[in-house]
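Chemist: My structure is below; once you've seen it, I'll send some questions.
The values are calculated or read from the model by the stated rules, or taken from the named source; none is laboratory data. Here the structure is a predicted model, which means the values were calculated and not measured. Here the Cβ positions follow ideal geometry from the backbone for every residue, glycine too, while neighbour counts run over all protein chains shown.
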Amino acid sequence: MLIAGDPSGDMLTAELVGALREKAVAGAEHVSADVQPLRTALAPRFFGAGGPKMAAAGVEQVFDLTQHSVIGFAEVLKNIRKFKRLFEQLLQVAIARQPDVIIGVDYGGFNLRFAKAIKAYVRYNRGVFNNWNPKLVQFVSPQVWASRAGRAYTLAENHDLLLSIFPFEKEWYAQCVPKLRVEFVGHPMIGRGAKSEIRNPKSKIKNVVLLPGSRVDEVRRHWPVVTGAFELLRRQVPALEGKVILPSQQLVDALKVVGLPAGLEIQVGGLTDALATADLAIAKSGTVTMECALHGVPAVVFYKTSWPTYFIGKKIITVKYLAMPNLIADEAIYPEYVQQAATPKNIAAAALGMLRDEQRRKGVQGKLACVIASLGKPGAPQRAAEAILSLFTK
């Protein structure tokens, strides 16, 4: 059983399913001369909740969880009844179908509670006629090292395996909860596509990629910020061209009615190709900052959320930076603008400085190369699959 609640988790789960299917079949193969061999290779069956990429990979969907994705404490509270209903539905499906392993992919707020509920059910109902005790795996650590460190103990209490994608996490968990098995498998972005090169800096036409997010609520909140920054930039760089990259046609359709500034186009997907010709990105904090780093693209990072969520987050977040490349490097490679500082004027000023200063751009690219080198080699889904399957061979 697999659970993913956002587009990036949906993609990662689809890759993991392919790796699990391949390695499970290969590990079960047994050469036999018997007409009816006692052992044969059987492909695992997958079900759960995720998105379209999981469905395309052969995961039987209970429902599309990515359609309900929100971010922020206040936003979750507004939808608490809906999430409780979805949670209970998935829990009943798990109990009815009794999978051998339940894998939560990212989406920590939901998946950690789900694992806890499964563990509680198993402990309460264990008996002679009910010996179901699935392995529980979390793929991508919640950022417990950034806020609410107590969740590490919840992970250790309920999970058999945590698959980490950042190198510093394994040591952090070893010091905090040594009984939890943590495997660093590398970052799944490494190996997905060839690293692009920044376009010729002597070109008169500059290209900016705008990345406002992947959820409806955050894209609507960020839309005036990114388009306003682009318009200010174009006053200083008249030949500037821009692309807004969104993950779904639904988001594109919702925003086209608002209208686009001159020089700006909007498209679904194609982030890798867009970054291949980008001189700069204006990106909301999140997974896309690692995409920019992978392609060596300088970026200005921003984030705006609801004020209740911001004030709660300000009290519990303990790290200096939001963008993961900055966290890994422990310095502000990418300028960051959060909440009231995330204005079109501030972002445009920082972006203009990067566009005009080639030496600074080269320095940023050199630091990004060091960040990416720390993330391991290609093959994260395959290593994750091997670690998961090892739970059944010990």
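Chemist: For the structure I just gave you, tell me whether L389 is aliphatic (A, V, I, L, M), farther than 19 Å from E169 by Cβ and either in contact with a Pro (Cβ under 9 Å, 6 or more places away or on another chain) or assigned to a helix (DSSP H, G or I) (or both).
Modeler: Considered against the rule, which asks whether it is aliphatic (A, V, I, L, M), farther than 19 Å from E169 by Cβ and either in contact with a Pro (Cβ under 9 Å, 6 or more places away or on another chain) or assigned to a helix (DSSP H, G or I) (or both), L389 comes out as yes.
Chemist: State all residues of region 101-143 that are buried (at least 16 other Cβ atoms within 10 Å of the Cβ), part of a loop (DSSP other than H, G, I, E, B) and more than 16 Å from the chain's Cα centre (by Cα); if no residue qualifies, say none.
Modeler: P134 - this is the single residue of region 101-143 that is buried (at least 16 other Cβ atoms within 10 Å of the Cβ), part of a loop (DSSP other than H, G, I, E, B) and more than 16 Å from the chain's Cα centre (by Cα).
Chemist: I need the full set of residues from region 217-256 which are under 22 Å from M354 (Cα atoms) and part of a loop (DSSP other than H, G, I, E, B), in order please.
Modeler: V237, P238, A239, L240
Chemist: Any residue in region 111-126 that is free of Cβ contacts under 8 Å to residues at least 12 places away in the same chain sitting within a Cβ distance under 9 Å of a residue that is outside any helix (DSSP H, G or I)? List the pairs, counting only those 6 or more apart or interchain.
Modeler: From residues that are free of Cβ contacts under 8 Å to residues at least 12 places away in the same chain, the pairs are N125/W132; R126/W132; R126/N133.
Chemist: Follow-up. Within region 182-200, is there a residue that is at pLDDT 95 or above, assigned by TED's automatic domain parsing to the domain that holds L91 and out of contact with any Gly (no Cβ under 8 Å at 6 or more places or on another chain)?
Modeler: yes
Chemist: Among (1) on the phi < 0 side of the Ramachandran plot; (2) part of a loop (DSSP other than H, G, I, E, B), there is one condition G259 misses while meeting the rest; what is its number?
Modeler: (1)
Chemist: A further question on this structure: For A369, only one of the following conditions fails: (1) buried (at least 17 other Cβ atoms within 10 Å of the Cβ); (2) assigned to a helix (DSSP H, G or I); (3) under 21 Å from the mean Cα position of the chain (by Cα). What is its number?
Modeler: The single condition A369 does not satisfy is (1).
Chemist: Another question about this same structure. Check whether at least one residue in region 352-363 is surrounded by 20 or more Cβ atoms within 10 Å (Cβ to Cβ) and modelled with pLDDT of 95 or more, and report yes or no.
Modeler: No, there is no match, as no residue in region 352-363 is surrounded by 20 or more Cβ atoms within 10 Å (Cβ to Cβ) and modelled with pLDDT of 95 or more.
The rows are residues; the columns are (1) in contact with a His (Cβ under 8 Å, 6 or more places away or on another chain); (2) surrounded by fewer than 24 Cβ atoms within 10 Å (Cβ to Cβ).
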| site | (1), (2) |
| --- | --- |
| I266 | no, yes |
| A278 | yes, no |
| I282 | no, no |
| G296 | no, yes |
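Chemist: Now for a different question. Within region 94-109, which residues are small (G, A, S), farther than 19 Å from N131 by Cα and either in contact with a strand residue (DSSP E or B) (Cβ under 6 Å, 6 or more places away or on another chain) or without any contact (Cβ under 8 Å) to a residue 12 or more places away in the chain (or both)?
Modeler: Within region 94-109, G104 is the sole residue that qualifies.
Chemist: Let me spell it out: the conditions are (1) modelled with pLDDT of 85 or more; (2) assigned to a helix (DSSP H, G or I); (3) over 30 Å from Q359 (Cα atoms); (4) not acidic (D, E), and T272 meets all of them except one. Which number is the exception?
Modeler: If we test T272 against (1) modelled with pLDDT of 85 or more; (2) assigned to a helix (DSSP H, G or I); (3) over 30 Å from Q359 (Cα atoms); (4) not acidic (D, E), just (3) comes out false.
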